[in-house]
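Only one structure is covered here, and it is reproduced in the block below.
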Amino acid sequence: MSGVTRWLKSFGAFWYDFVIGDDWQVAAIVVAALGVTALLVHQAGVNAWWLMPLAVFGALAWSLRRATANRPPS
Amino acid sequence: MNALPLILTVFVACAVEAVEALTIVLAAGLTREWRSTFQGMAVALVALAAVVGVLGPTITLLPLGALRLVVGALLAIFGLQWLRKAILRATGHKALHDEASAYLREVAAAKAAGSASRRGWVSDWYAFTLAFKGVLLEGLEVVFIVLTFGANQKNIGAAVIGAAAAVVVVTVVGVAVRAPLSKVPENAMKFAVGIMLTSFGTFWGAEGAGVSWPGNDAALLVLVPVIALVSLGFTLWLRRGGAGAAAGPAPAPAHETEEVPGR
């Protein structure tokens, strides 16, 4: 692997860790919820202010469940 | 919106980062050499100032709707990661971040790194690099919070005041005690910051997507306590063995870092 490729990989890994963090599914749920909200507002004319809070609670619950299932607290 | 909530949110978020940076700087300075440590810190601060100087004016030129959509998404993702980690730590599913043991680890590594090597204007490159990386990595998150909160509220000055106050307070206390600030309730602060980042991210992200919140800005006064209550509910649920008992087998995340700088 060349020096440039290695540098690009570690640069990308740093930003992935910085922005996305430990659980990429949280980021995916947030982005998907914002996309659906925009669609509901602009295509269906629904003021879907309630969708993002629901998505945030769902993403947190889902992520905590995945992180703790089969792992007893220390 | 009043500038006080903005200043307080940025202050608490930046104080957490400053405490972590202080631990690294103290380890470099006390075990290696202060001059090179200060040089590393200074270069990192110049780099961070350059990032603010370039991105600050650019970000405020973006249309407000697009800015809120992108920044809201980033803040919600960031906030949820902070909340997740704070809840896992509070419930014993992840080791608490301990500044005292982090300091001892850095000291051991600094001592094992060999003697100082003078090259150019730096007399100890290990101390320089350690301080530079610590301040830059923790500082990047401070810059992110200052720019996103400041740009969204059209008040970067207030965000800068909150961040600067946090750095000054932590530095003064750190110089006074000359030890890592292990008594700071770091996890509780991270929990609070996670709630604020998630709330503002949810609010701005949805606004950027075109939503009109009931009550406009006053919706935040409901959103923040609701997210706090739900997060506390998740904490209590996990303390009572919630997920393990109720969920059954589920794959754990493949990538669980031990400690990401700034988180």
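Things worth noting here:
- Subset of the range B:209-234 (residues that are of a type in the set (Phe, Trp, Tyr) and touching a residue at least 12 places away in the same chain (Cβ under 8 Å)): B:234
- Note on the range B:1-48: among residues that are within 21 Å of residue B:83 (Cα to Cα) and among the small types (Gly, Ala, Ser), the one that is surrounded by the fewest Cβ atoms within 10 Å (Cβ to Cβ) is B:15.
- Scanning the range A:5-28 for residues that are over 28 Å from residue B:136 (Cβ atoms) and facing chain B (nearest Cβ under 9 Å) yields one hit, A:25.
- Any hit, the range B:210-221, residues being closer than 15 Å to residue B:72 by Cα, modelled with pLDDT under 90 and either within 11 Å of chain A (Cβ to nearest Cβ) or exposed (fewer than 14 other Cβ atoms within 10 Å of the Cβ) (or both): yes
This table checks each residue for (1) among the charged types (D, E, K, R); (2) surrounded by 14 or more Cβ atoms within 10 Å (Cβ to Cβ).
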position	(1), (2)
A:9	yes, no
A:18	no, yes
A:32	no, no
A:51	no, yes
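- The lone exception for residue A:41 - which of (1) more than 17 Å from residue B:202 (Cβ to Cβ); (2) facing another protein chain (nearest Cβ under 8 Å); (3) in a helix (DSSP H, G or I) it fails: (1)
- Only one of the listed residues (A:51, A:60) is of a type in the set (A, V, I, L, M) and either in contact with a strand residue (DSSP E or B) (Cβ under 8 Å, 6 or more places away or on another chain) or facing chain B (nearest Cβ under 7 Å) (or both). That residue is A:60.
The values are calculated or read from the model by the stated rules, or taken from the named source; none is laboratory data. What you are looking at is a predicted structure, and each value in this text was computed from that prediction instead of being measured. Every residue, glycine as well, gets a Cβ built from its backbone with ideal geometry; the counts of neighbours run over all protein chains shown.
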